[in-house]
1. Treat every Asp and Glu Cβ in the chain as -1 and every Lys and Arg Cβ as +1, leave all other atoms uncharged, and give the resulting dipole magnitude about the Cα centre to the nearest 20 debye.
2. Restrict the search to region 1-39; then list the trypsin sites (Lys or Arg not before Pro) that DSSP places in a loop and that have at most 10 other Cβ atoms within 10 Å of their Cβ.
3. For residue 33, what accessible area in Å² do you get when you roll a 1.4 Å probe over the heavy atoms of the protein chains, rounding to the nearest 10?
4. What does the charge count around residue 38 come to, taking other residues whose C-beta lies under 9 Å from its C-beta (Lys +1, Arg +1, Asp -1, Glu -1)?
5. From the phi angles alone, apply the Karplus equation (6.51, -1.76, 1.60; θ = phi - 60°) to region 67-78 and give each ³J(HN,Hα) in whole Hz, x where the residue is Gly or Pro.
6. Just by accessible area at a 1.4 angstrom probe, what is the order of 26, 66 from largest to smallest?
7. If the chain between residue 74 and residue 44 were fully stretched, how many nm would it gain, using 0.36 nm times the residue separation less the Cα-Cα distance?
8. Quick one: with all protein chains in place, what share of the accessible area of the chain is carbon or sulfur, to the nearest percent (1.4 Å probe)?
Amino acid sequence: MRIKKGDQVIVLSGKDKGRTGTVTQSMPKDGKVIVGGINVATRHKKPTQADPQGGLEKVEAPMHVSKVAHVTADGKPTRVRFEIKDGKKVRVAVKTGETIGG
């Protein structure tokens with residue numbers, strides 16, 4: 001996948017369109033990512049012995065990787081491509097040409 005854990009991304013569509021965040025989890029087999037503070041869903045928890053209070057719990061839901069794009073230094077979305085540099089496969093931002101993550 002072109003988006004990995006720790007990447008800064010911007011949401012391209014949906015209720016959180018335009019918001020930015022950091023990828024906290026990547027699920028390549030499902031083609032989904034979880035972004036911190038984005039796509040928050042409310043779950044109703046029943047009281048249990050471990051948690052006698054119960055109540056509402058806010059959880060970040062996974063979203064499809066096509067709904068997010070990598071963010072450049074100026075805050076704009078960019079696509080990601082792979083290049084071979086010094087014998088290593090690296091990710092490169094298409095708009096700026098800068099190497100992502102090393």
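The values are calculated or read from the model by the stated rules, or taken from the named source; none is laboratory data. Fair warning: this is a prediction, and the values are worked out from it, not measured in the lab. Reconstructed Cβ throughout: ideal geometry from the backbone, glycine too, with neighbour counts over all protein chains shown. The area values use the complete protein model at the heavy-atom level, side chains included, leaving out ligands, DNA and RNA. Shrake-Rupley method; radii C 1.70, N 1.55, O 1.52, S 1.80 Å.
1. Numbers: 21 positive and 10 negative charges, 61 e Å.
In debye, rounded to 20, the chain gives about 300.
2. Sparse-neighbourhood loop trypsin sites (Lys or Arg not before Pro): 15, 17, 29.
3. About 0 Å², ignoring ligands and nucleic acids.
4. Numbers: positive: 19; negative: 16, 60.
Local charge sum for residue 38: -1.
5. 8, 10, 9, 5, 9, 7, 4, 8, x, 9, x, 9
6. Sorted descending by solvent-accessible area, the residues read 66, 26.
7. Numbers: separation 30, 0.36 × 30 = 10.80 nm, distance 3.88 nm.
Contour length minus the Cα-Cα distance gives 6.9 nm.
8. Carbon and sulfur: 50 percent of the exposed surface of the chain.
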